[in-house]
1. From the list Ser151, Ser173, Ser252, Ser157, exactly one residue is among the polar types (S, T, N, Q) and not assigned by TED's automatic domain parsing to the domain that holds Val87. Which is it?
2. I'm checking my understanding of the structure. Among residues of the range 92-119 that are out of contact with any strand residue (DSSP E or B) (no Cβ under 7 Å at 6 or more places or on another chain) and not in a helix (DSSP H, G or I), which one is farthest from Leu169 (Cα to Cα)?
3. Restricting the search to the range 257-296, which residues are under 25 Å from the mean Cα position of the chain (by Cα), part of a strand (DSSP E or B) and either more than 20 Å from Ser211 (Cβ to Cβ) or not polar (S, T, N, Q) (or both)?
4. Which one of these does Leu180 not meet: (1) part of a helix (DSSP H, G or I); (2) closer than 30 Å to Pro263 by Cβ?
5. Between a residue in the range 257-277 that is at positive phi and any residue that is of a type in the set (A, V, I, L, M), which pairs come within a Cβ distance under 7 Å, given they are 6 or more apart or on different chains?
6. Suppose we filter the range 201-242 for residues that are closer than 30 Å to His90 by Cβ, in a loop (DSSP other than H, G, I, E, B) and among the β-branched types (Val, Ile, Thr); how many remain?
7. Would the range 33-51 turn up any residue that is aliphatic (A, V, I, L, M), modelled with pLDDT under 90 and either outside the structural domain of Gly349 (by TED's automatic domain parsing) or at negative phi (or both)?
8. Does the range 316-332 include one or more residues that are closer than 25 Å to Ser39 by Cα and of a type in the set (Gly, Ala, Ser)?
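The values are calculated or read from the model by the stated rules, or taken from the named source; none is laboratory data. All values reported here derive from a predicted model rather than from experimental measurement. Note: ideal-geometry Cβ built from the backbone for every residue, glycine included; neighbour counts use all protein chains shown.
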Amino acid sequence: MANSLEKRRGRRVAVAIALIGLAVVAGVIAIVSWRSRHSLPVVQTTTVTLQRIQRVTLATGTVRPADRQIISLDNLPAPVERVLVHVGEHVQPGQPLVQLSTASAEASVQAAQAALADAESAYNRVLTQYNEAPTALKALFLPQLNAAEASVASARSQLAAAQANVAQLTLTSTLSGIVLIANPNGVDADGNQTPVVEVASPQKEVVMDLSEVDAAQIKVGMAATMQTDAYPNQTFTGTVTSIAPYAELSQSGAPVVEVTVQPRGAFPVPYGYQLTCRLLSRSPAPVPTVPYSSIVQNGTGYAVYVWRNGHVYLVPVKLGMTSDTAVQVVSGLSPGALVVTNPDNLVNGEAVRTS
């Protein structure tokens with residue numbers, strides 16, 4: 001009897017110990033699982049949506065002639081003798097603008113004329129000898145006759161070149177426009193060098209310098225609106241006609257890109273005036289967009305982390321237009337995908353949990 005009681009007591013103890021062991025194991029598993037779950041990176045996600053990208057770029061533009069002709073002292077072949085036009089005069093293509101000194105060129109013409117006369121005289125003497133020689137001896141004069149004829153041809157060519165040089169010393173207009181500068185000295189009252197003559201076309205353009213970031217959003221054909229305090233309560237419109245394919249350093253040392261706008265309609269703003277230009281870039285239709293915060297550098301390109309089934313995957317993307325808060329995804333993502341908005345220190349394929 002006693003043995004039976006001891007056996008039952010032993011079984012109870014064994015069961016109790018087994019239950020306690022199971023509870024401990026379960027607790028350990030729960031703790032490990034909880035710790036594992038709570039040690040995963042916590043990410044925030046957003047959905048790729050379709051929306052119109054719109055960005056406004058503001059810049060200061062300067063009114064300039066769309067085309068102009070500048071004659072400067074630096075590249076003239078002779079001194080200025082006189083300026084043939086005056087400021088404000090309207091000129092047409094081919095109209096004389098500046099007469100340069102022809103003294104040296106005319107001396108060259110006279111020397112060429114004298115050389116031609118000598119060559120022709122020598123040719124006539126040899127020709128007379130050739131004609132008067134007996135038939136059997138004419139062949140002796142042929143080399144002299146040919147040489148004299150070649151000398152005449154060379155002298156005529158040199159005379160024509162000298163006469164052409166004289167003609168080139170009258171500088172003419174290459175366009176239809178208005179004379180802005182007419183200064184034979186090429187120096188203003190302060191001693192600064194100026195053009196001898198500047199002719200500007202009546203067509204105007206507005207030129208502005210944009211940062212590389214802003215210029216990347218501008219396209220040829222984009223609409224622009226312009227305002228200036230000189231013409232209050234008036235808004236002028238225009239179209240972007242050119243974007244420089246390179247950047248130059250501004251006076252502050254920052255790289256800038258030159259963008260040109262062609263005004264539309266009446267544009268009375270004079271040359272040199274400045275305007276505030278507003279350029280609106282807008283996607284033609286809703287496009288897939290993601291917030292700036294989701295973009296990461298991927299080599300020389302860009303990528304985003306996409307969340308799928310508790311893991312994140314690095315997906316290369318091609319970016320397009322940008323707004324103040326979002327950027328267009330041209331390729332790599334489809335609407336509805338979940339992208340991580342806090343992608344710092346993530347690894348491709350890593351398990352994560354969402355907040």
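1. Details: Ser151 fails: not assigned by TED's automatic domain parsing to the domain that holds Val87; Ser173 fails: not assigned by TED's automatic domain parsing to the domain that holds Val87; Ser157 fails: not assigned by TED's automatic domain parsing to the domain that holds Val87.
Exactly one residue qualifies, and that residue is Ser252.
2. Here is the first cut: in the range 92-119, the ones out of contact with any strand residue (DSSP E or B) (no Cβ under 7 Å at 6 or more places or on another chain) are 92-93, 102-119.
After this cut, where a residue has to be not in a helix (DSSP H, G or I) as well, the list is 92-93, 102.
Details: Gln92: 18, Pro93: 16, Thr102: 7 Å.
Residue satisfying both the conditions and the ranking: Gln92.
3. Passing the criteria: Val257, Glu258, Val259, Val261, Gln262, Pro263, Leu275, Cys277, Arg278, Leu279, Leu280, Arg282.
4. Evaluating Leu180 over (1) part of a helix (DSSP H, G or I); (2) closer than 30 Å to Pro263 by Cβ leaves (1) as the failure.
5. Within 7 Å, the pairs are Gly272/Val63.
6. Summing the residues that are closer than 30 Å to His90 by Cβ, in a loop (DSSP other than H, G, I, E, B) and among the β-branched types (Val, Ile, Thr) in the range 201-242 gives 2.
7. Filtering the range 33-51 for residues aliphatic (A, V, I, L, M) gives 40, 42-43, 48, 50.
Still in the running and modelled with pLDDT under 90: 40.
Next, only the ones that are either outside the structural domain of Gly349 (by TED's automatic domain parsing) or at negative phi (or both) stay: 40.
Checked against the condition, which is being aliphatic (A, V, I, L, M), modelled with pLDDT under 90 and either outside the structural domain of Gly349 (by TED's automatic domain parsing) or at negative phi (or both), the range 33-51 yields at least one hit.
8. no
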